[in-house]
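Visitor: I'd like to ask some things about the structure below.
The values are calculated or read from the model by the stated rules, or taken from the named source; none is laboratory data. Quick caveat, the model's predicted, so the values are computed rather than measured. We place every Cβ from the backbone using ideal geometry, glycine too, and count neighbours over all the protein chains shown.
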Ligand code: HEM
Ligand code: SF4
Ligand code: SF4
């Protein structure tokens, strides 16, 4: 077993641990922290089901962003939809018997890779070209886009320029899932690609990528417009009724 | 006194003003007067900047992060996409990049990252983290008082990040280290001492209402009551204190009285809760909002009323509609057939629909109306029983009262309405420059309909909007009397005694 295989196995265990523990503790924090007041941005749905649909529209259609800026919306959809399809396409590395549906979407996944990189390139360009966005950009915002672009480009590089032994890659990841370390092909493109993916997993819970869980917890979006019908009191504010003094 | 400044030019070819060129720090000089100890201490805040302000501020921030999900989630979630960056009227009117909503949030987010996140502790400015210094604290004071908490930015943010929540938290922290704002805290002190924002004592209030009764009798020949502290009245009317005497507000109050009279509903105001405004919201204080809101509960109990109705006021309606149940409920002692609280426009609209009142549009002949949706009504509350009722109901009432109504450009009304520029605790002379500049997008949209459709008047349903417009309209070459209350139109048009004695 090569040192590289062992190092990458260790790296992926670490990355998975950080990602899961980090995200779970962030989600737990959001869950625990109450929203003491009703602050839905109105007009808002009047029922909780309606509010759940509102959040679902934000997640799938980027509804508010569409109101905000059309070009950004297009780039955001290109990137995120691309990313989603690419992730789905990668499931084949983790499932021994790939289901037919997953086989069928493989070709789409390749286009999705290009869409994702194109979207990201547009987002990166925008960070330099739009003076308002340039003003609010931190180095980490650029680094995040460069990281994602590098992941995408190194992946496409293996697909179109210098293929690697994907059966061995699959064996490596299936092995990790059984806690057994299989040899990883020593291929520069692959090692870069996987190293960057592990880095992404590690930074995820400490970065603005928290927007992914965050959108589900945003009170302006997930609350129903029913304050006159339902009394809403946060646990920490329960003692306030007694403080009235009359 | 404030330095001279230029009123921003209008461009009537565009519905929403063009993005200004960035002019960093162009509004760095705009700061409201600091609260004096006598306005801080009665509210439980330190009189002047405390020695350990740094630790106190970070401590308070930690406390708020644990109490408000909005703050915690919004500190983490922003991706710096910039969708909100050109949505703030203060940015459009000033070009100061710190008035872009995301940049305004970042003033606090940078500190959050430094003290509350591993990334900020390890990587500092690479992730936009910075220490809390006195300069940073001053910057907070400056730019969190250039936010009217109007929530326009929140409409366009893919995660609904609401800069108002962050401004409120910042002001709460500033209050707790001894850097309160004079305007808000002085007013809150008055509410506790006297019962209303204007410091109008009980006797003066009773005299004013008596005077209104006499004037209205002279004008109409009808004995229309303006009751104060009447036990057993059906309705407790809670209205902004400006309604008691300032123009054009008072004409709205006369309108409410005529509607109640015509419907045969007995009503009263309370001298102890003679104020709908709740400036506790502007300073982000749960405690103050709670105290101020509970004056209304006490008045309702003392006067044994069956319903609570609010007059025309924007932020007051937000606190009433969205928060009153939380702070001052439950309302099981009131008549369950009516929502608590109700907006006066809900009452009037219902009465128009069921024939309880009749309106004669000719009474307002020559008027062409448009309507300014007040931010807090538009984006933080509702009227009626369907989403968006807050837009439909006032317009239906206006249309029933005047011969012609025209809406302003689509991107400047309804949920996308532009703030008047004076909300969120900025309605003070020491902030005149930011108020005038922030009014520009609304003034632009108004001027468009004035020139294209002959609009003569703009109705607003908020005391702050009305006061602000009265002040800023002349800067844009328009007449301050263009601004009217919705119930002033109703007051002119209502047919008294036509279907009831
Ligand atoms: C619930 C799932 C998610 C939703 C609803 C969502 C939504 C959004 C939206 C609306 C934007 C703003 C538009 C833009 O700048 O593209 C955005 C930005 C971004 N998202 Fe997501 N996202 C999700 C998951 C993810 C994931 C899993 C990643 C990465 C692994 C990611 C990476 C990014 C990045 C890097 C940006 C900033 C782009 C820039 O710098 O301009 N997102 N996201
Ligand atoms: S809440 Fe209103 S005033 Fe404050 S930043 Fe957002 S748009 Fe500007
Ligand atoms: S729209 Fe929301 S996520 Fe985008 S920069 Fe503004 S606050 Fe941040």
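Visitor: Scan segment A:27-34 and give yes if some residue there is part of a helix (DSSP H, G or I) and away from chain B (no Cβ under 11 Å), otherwise no.
Guide: Within segment A:27-34, the subset part of a helix (DSSP H, G or I) is A:27-32.
Applying the additional criterion that residues be away from chain B (no Cβ under 11 Å) yields A:28.
Taking every residue of segment A:27-34 in turn, at least one turns out to be part of a helix (DSSP H, G or I) and away from chain B (no Cβ under 11 Å).
Visitor: When you go through A:18, A:24 one by one, which is the residue that is within 14 Å of another protein chain (Cβ to nearest Cβ), closer than 18 Å to residue A:200 by Cβ and under 24 Å from the mean Cα position of the chain (by Cα)?
Guide: On the way: A:24 fails: within 14 Å of another protein chain (Cβ to nearest Cβ).
Answer to the check: A:18.
Visitor: If I filter segment B:353-367 for residues that are closer than 14 Å to residue B:461 by Cβ and either surrounded by fewer than 24 Cβ atoms within 10 Å (Cβ to Cβ) or not assigned by TED's automatic domain parsing to the domain that holds residue B:101 (or both), do I get at least one hit? Explain how you work it out, then say what you get.
Guide: Here is the first cut: in segment B:353-367, the ones closer than 14 Å to residue B:461 by Cβ are none.
Scanning segment B:353-367, I find no residue that is closer than 14 Å to residue B:461 by Cβ and either surrounded by fewer than 24 Cβ atoms within 10 Å (Cβ to Cβ) or not assigned by TED's automatic domain parsing to the domain that holds residue B:101 (or both), so the answer is no.
Visitor: Away from ligand 2 (no atom under 16 Å from the Cβ), in contact with a strand residue (DSSP E or B) (Cβ under 8 Å, 6 or more places away or on another chain), at negative phi and more than 14 Å from chain A (Cβ to nearest Cβ) - does that describe any residue in segment B:181-201?
Guide: yes
Visitor: Another one. Filter segment A:67-85 down to the residues that are surrounded by 19 or more Cβ atoms within 10 Å (Cβ to Cβ), near ligand 1 (Cβ under 10 Å from one of its atoms) and farther than 22 Å from residue B:376 by Cα and list them by number.
Guide: Step one: filter segment A:67-85 for residues surrounded by 19 or more Cβ atoms within 10 Å (Cβ to Cβ), giving A:68-69, A:72-73, A:75-76, A:78-79, A:82-83, A:85.
Next cut, near ligand 1 (Cβ under 10 Å from one of its atoms) only: A:68-69, A:72-73, A:75-76, A:78-79, A:83.
The answer is A:69, A:72, A:73, A:75, A:76, A:78, A:79, A:83.
Visitor: While we're looking at this one, here's another question. Given the residues A:126, A:132, which is the only one that is more than 10 Å from ligand 1 (Cβ to nearest atom), within 14 Å of chain B (Cβ to nearest Cβ) and either assigned to a loop (DSSP other than H, G, I, E, B) or closer than 30 Å to residue B:102 by Cα (or both)? Quick ask: steps written out before the conclusion?
Guide: Values: A:126 fails: more than 10 Å from ligand 1 (Cβ to nearest atom).
From the options A:126, A:132, the qualifying one is A:132.
Visitor: Under 7 Å between Cβ atoms, at least 6 apart or on separate chains: pull out the pairs that start in segment A:70-83 with a residue that is closer than 10 Å to residue B:83 by Cβ and end on any residue that is near ligand 1 (Cβ under 6 Å from one of its atoms).
Guide: A:72/A:65; A:72/B:81; A:73/A:62; A:73/A:65; A:76/A:62; A:76/A:65
Okay, residues lined up against (1) outside any helix (DSSP H, G or I); (2) touching a helix residue (DSSP H, G or I) at 6+ places or on another chain (Cβ under 9 Å); (3) within 26 Å of residue B:291 (Cβ to Cβ); (4) within 13 Å of ligand 3 (Cβ to nearest atom):
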position	(1), (2), (3), (4)
B:47	yes, yes, yes, no
B:58	no, yes, no, no
B:61	no, yes, yes, no
B:80	yes, yes, no, yes
B:83	yes, yes, no, yes
B:109	no, yes, no, yes
B:121	no, yes, no, no
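Visitor: Any chance segment B:113-125 includes a residue that's within 16 Å of ligand 1 (Cβ to nearest atom), surrounded by fewer than 23 Cβ atoms within 10 Å (Cβ to Cβ) and more than 22 Å from residue B:416 (Cα to Cα)?
Guide: There is at least one residue in segment B:113-125 that is within 16 Å of ligand 1 (Cβ to nearest atom), surrounded by fewer than 23 Cβ atoms within 10 Å (Cβ to Cβ) and more than 22 Å from residue B:416 (Cα to Cα).
Visitor: Could I ask something else about it? Identify, from the list A:128, A:157, the residue that is modelled with pLDDT of 95 or more and within 20 Å of residue B:127 (Cα to Cα). Please lay out each step first, then the result.
Guide: Working: A:157 fails: within 20 Å of residue B:127 (Cα to Cα).
When all the criteria are applied, what remains is A:128.
Yes/no matrix, rows are residues, columns are (1) modelled with pLDDT under 95; (2) within 16 Å of ligand 3 (Cβ to nearest atom):
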| site | (1), (2) |
| --- | --- |
| A:34 | no, no |
| A:48 | no, no |
| A:52 | no, no |
| A:69 | no, yes |
| A:89 | yes, no |
| A:98 | yes, no |
| A:101 | yes, no |
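Visitor: Here are some residues: A:168, A:143. Which one is modelled with pLDDT of 95 or more and either surrounded by 18 or more Cβ atoms within 10 Å (Cβ to Cβ) or within 16 Å of ligand 1 (Cβ to nearest atom) (or both)? It would help to see each step written out before you state the result.
Guide: Values: A:168 fails: either surrounded by 18 or more Cβ atoms within 10 Å (Cβ to Cβ) or within 16 Å of ligand 1 (Cβ to nearest atom) (or both).
Testing whether each residue is modelled with pLDDT of 95 or more and either surrounded by 18 or more Cβ atoms within 10 Å (Cβ to Cβ) or within 16 Å of ligand 1 (Cβ to nearest atom) (or both) leaves just A:143.
Visitor: Of everything in segment B:137-162, what is more than 14 Å from ligand 2 (Cβ to nearest atom), closer than 25 Å to residue B:86 by Cβ and more than 7 Å from chain A (Cβ to nearest Cβ)? Give them in sequence order.
Guide: Those that are more than 14 Å from ligand 2 (Cβ to nearest atom), closer than 25 Å to residue B:86 by Cβ and more than 7 Å from chain A (Cβ to nearest Cβ): B:139, B:141.
Visitor: For segment A:140-246, which fully contained helices (runs of 4 or more DSSP H) count at least 1 residues that are touching a residue at least 40 places away in the same chain (Cβ under 8 Å), more than 14 Å from chain B (Cβ to nearest Cβ) and under 15 Å from the mean Cα position of the chain (by Cα)?
Guide: On the way: elements: A:166-177, A:188-203, A:211-217, A:219-222.
Passing ranges, in order: A:188-203.
Visitor: Got at least one residue in segment A:77-95 being over 20 Å from the mean Cα position of the chain (by Cα) and away from ligand 2 (no atom under 16 Å from the Cβ)?
Guide: Of all residues in segment A:77-95, those over 20 Å from the mean Cα position of the chain (by Cα) come to A:95.
Now drop any that are not away from ligand 2 (no atom under 16 Å from the Cβ), which leaves A:95.
Yes: segment A:77-95 contains one or more residues that are over 20 Å from the mean Cα position of the chain (by Cα) and away from ligand 2 (no atom under 16 Å from the Cβ).
Visitor: Mind listing whichever residues of segment B:87-102 are in a helix (DSSP H, G or I) and either surrounded by fewer than 24 Cβ atoms within 10 Å (Cβ to Cβ) or away from ligand 1 (no atom under 16 Å from the Cβ) (or both)?
Guide: Just the residues of segment B:87-102 that are in a helix (DSSP H, G or I), to begin with: B:89-94, B:97-99, B:101-102.
Those that are in a helix (DSSP H, G or I) and either surrounded by fewer than 24 Cβ atoms within 10 Å (Cβ to Cβ) or away from ligand 1 (no atom under 16 Å from the Cβ) (or both): B:89, B:90, B:91, B:92, B:93, B:94, B:97, B:98, B:99.
Visitor: Now for a separate question. Of all residues in segment B:380-395, which are in contact with a helix residue (DSSP H, G or I) (Cβ under 6 Å, 6 or more places away or on another chain) and either outside the structural domain of residue B:368 (by TED's automatic domain parsing) or not in a loop (DSSP other than H, G, I, E, B) (or both)?
Guide: Residues of segment B:380-395 that are in contact with a helix residue (DSSP H, G or I) (Cβ under 6 Å, 6 or more places away or on another chain), as a first pass: B:380-384, B:390-391, B:393-394.
If the condition is that a residue be in contact with a helix residue (DSSP H, G or I) (Cβ under 6 Å, 6 or more places away or on another chain) and either outside the structural domain of residue B:368 (by TED's automatic domain parsing) or not in a loop (DSSP other than H, G, I, E, B) (or both), then B:380, B:390, B:391, B:393, B:394 are the ones that fit.
Visitor: If you take the residues in segment B:112-132 that are farther than 19 Å from residue A:26 by Cα and without any contact (Cβ under 8 Å) to a residue 60 or more places away in the chain, which one is farthest from the other protein chains (Cβ to nearest Cβ)? Before the answer, list the steps.
Guide: Just the residues of segment B:112-132 that are farther than 19 Å from residue A:26 by Cα, to begin with: B:123-126, B:128-132.
Okay, now just the ones that are also without any contact (Cβ under 8 Å) to a residue 60 or more places away in the chain, so B:123-126, B:128-131.
Details: B:123: 7, B:124: 10, B:125: 8, B:126: 5, B:128: 4, B:129: 9, B:130: 11, B:131: 16 Å.
Once the filter is applied, the top-ranked residue is B:131.
Visitor: Additional query: Could you go through segment B:66-79 and let me know if any residue there is more than 14 Å from chain A (Cβ to nearest Cβ), in contact (Cβ under 8 Å) with a residue 24 or more places away in the chain and more than 16 Å from ligand 1 (Cβ to nearest atom).
Guide: Initially, segment B:66-79 is screened for residues more than 14 Å from chain A (Cβ to nearest Cβ), giving none.
No, segment B:66-79 has no match at all.
Visitor: Of the conditions (1) over 21 Å from the mean Cα position of the chain (by Cα); (2) closer than 19 Å to residue B:351 by Cβ; (3) surrounded by 16 or more Cβ atoms within 10 Å (Cβ to Cβ), residue B:228 clears all except one; give me its number.
Guide: Single failed check for residue B:228: (2).
Visitor: Moving to a separate point now. Of B:256, B:183, which residue is assigned by TED's automatic domain parsing to the domain that holds residue B:55 and in a helix (DSSP H, G or I)? Can you show your working first?
Guide: Values: B:256 fails: assigned by TED's automatic domain parsing to the domain that holds residue B:55.
Checking each option against the conditions leaves just B:183.
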